[in-house]
1. Name the residue, out of Gly218, Gly170, Gly239, Gly185, that is of a type outside the set (Lys, Arg), in a helix (DSSP H, G or I) and touching a helix residue (DSSP H, G or I) at 6+ places or on another chain (Cβ under 7 Å).
2. Can you pull out every residue in segment 67-87 that is at pLDDT below 95 and assigned to a helix (DSSP H, G or I)?
3. Which residue, of Leu199, Leu191, is in contact (Cβ under 8 Å) with a residue 60 or more places away in the chain and either in a strand (DSSP E or B) or β-branched (Val, Ile, Thr) (or both)?
4. Counting only residues that are modelled with pLDDT of 95 or more and among the polar types (S, T, N, Q), which one in segment 93-146 is nearest to Ile188 (Cα to Cα)?
5. Tally up the residues in segment 217-259 that are among the basic types (Lys, Arg) and within 21 Å of Arg180 (Cα to Cα), please.
6. Within segment 35-66, can you find the residues that are surrounded by fewer than 15 Cβ atoms within 10 Å (Cβ to Cβ), closer than 21 Å to Ala200 by Cβ and at pLDDT 90 or above?
7. What's the number of the condition Leu125 fails, among (1) buried (at least 16 other Cβ atoms within 10 Å of the Cβ); (2) touching a helix residue (DSSP H, G or I) at 6+ places or on another chain (Cβ under 8 Å)?
Amino acid sequence: MPAALRSGRVTPKMHFRTRPRPDVPGPMLSAVRRRLPLGARTDSVELLDSGRLSPPEVEANLDDLARLNRLPGGTAASIAAVRRLMAPGNAPRILDVGTGRGDMPLAFAARGWEVVAADTNPGVLAIARRELGPASIEVVEADVRDLPFADGAFDVAHASLLVHHLDPAGVVAGLRELGRVASRGVVINDLRRGLLPLLATAVSVAVIGRSRVTRSDGLASARRAYTLEELDRMLAAAGLATRWRSAGWMPRVVTAAAS
């Protein structure tokens, strides 16, 4: 080896043959990763949680969420998870917390399941009562972290797109309460955090979202979401374990858990 190299004064040049290739999403994904670091969860406040929206804005956002629930990972996946927790042929009594406009409770009731819907947002509750009243579905004001129901009052407790609104301590408290009031188990339907879920959410809200609130909160939700590993740790802290899970590569994943 030349003395110059042994002394460290000269860096040898290495030459590689390269071939031109068509544009690929790699550079774009790298740029997104740099601008939107997803290793840690963000705690930015969503517009729906701000208390500053008008009733028409709240309703437009809930309409968009109902449309998003028709996509893979939405209502159909929640129904599949509930069935995993129940014995064949049994019609469950379900608590749906964070009910939105009530499209999921209506889908549950259409299968002959008894449903109680709950939320904390006054504007959301007004819309849910209007939508669910004709179906004789009870709507109550209730916080998932302190549910006003007896132990085992329901077969299954269900929460869709709710967990990411809570901090970790709130998630554990909510999961513990859901598990307390449900004799068969808990179903959590939510986004998972990651680059591809973020991009998929961005496309979904851009195509389906008609409300500025949806387009803003969709991206905020994806960045507030928990990874599946984080969710599993919080389930364990609440005394629950995963019994079934929908496809983990999807941007929105449904978990059925029980004690």
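1. Numbers: Gly170 fails: touching a helix residue (DSSP H, G or I) at 6+ places or on another chain (Cβ under 7 Å); Gly239 fails: in a helix (DSSP H, G or I); Gly185 fails: in a helix (DSSP H, G or I).
Within the list Gly218, Gly170, Gly239, Gly185, the selection yields Gly218.
2. Residues satisfying the conditions are Arg67, Leu68.
3. Values: Leu199 fails: either in a strand (DSSP E or B) or β-branched (Val, Ile, Thr) (or both).
Going through Leu199, Leu191 in turn, the sole match is Leu191.
4. Thr99
5. If we filter segment 217-259 for residues that are among the basic types (Lys, Arg), which is where we start, we get 223-224, 233, 243, 245, 252.
Adding the requirement that they be within 21 Å of Arg180 (Cα to Cα) leaves 233, 243, 245.
Counting residues in segment 217-259 that are among the basic types (Lys, Arg) and within 21 Å of Arg180 (Cα to Cα) gives 3.
6. none
7. The single condition Leu125 does not satisfy is (2).
The values are calculated or read from the model by the stated rules, or taken from the named source; none is laboratory data. From a predicted model like this one, the values you see are computed outputs, not experimental measurements. Ideal geometry is used to build each Cβ from the backbone, glycine not excepted, and the neighbour counts take in all protein chains shown.
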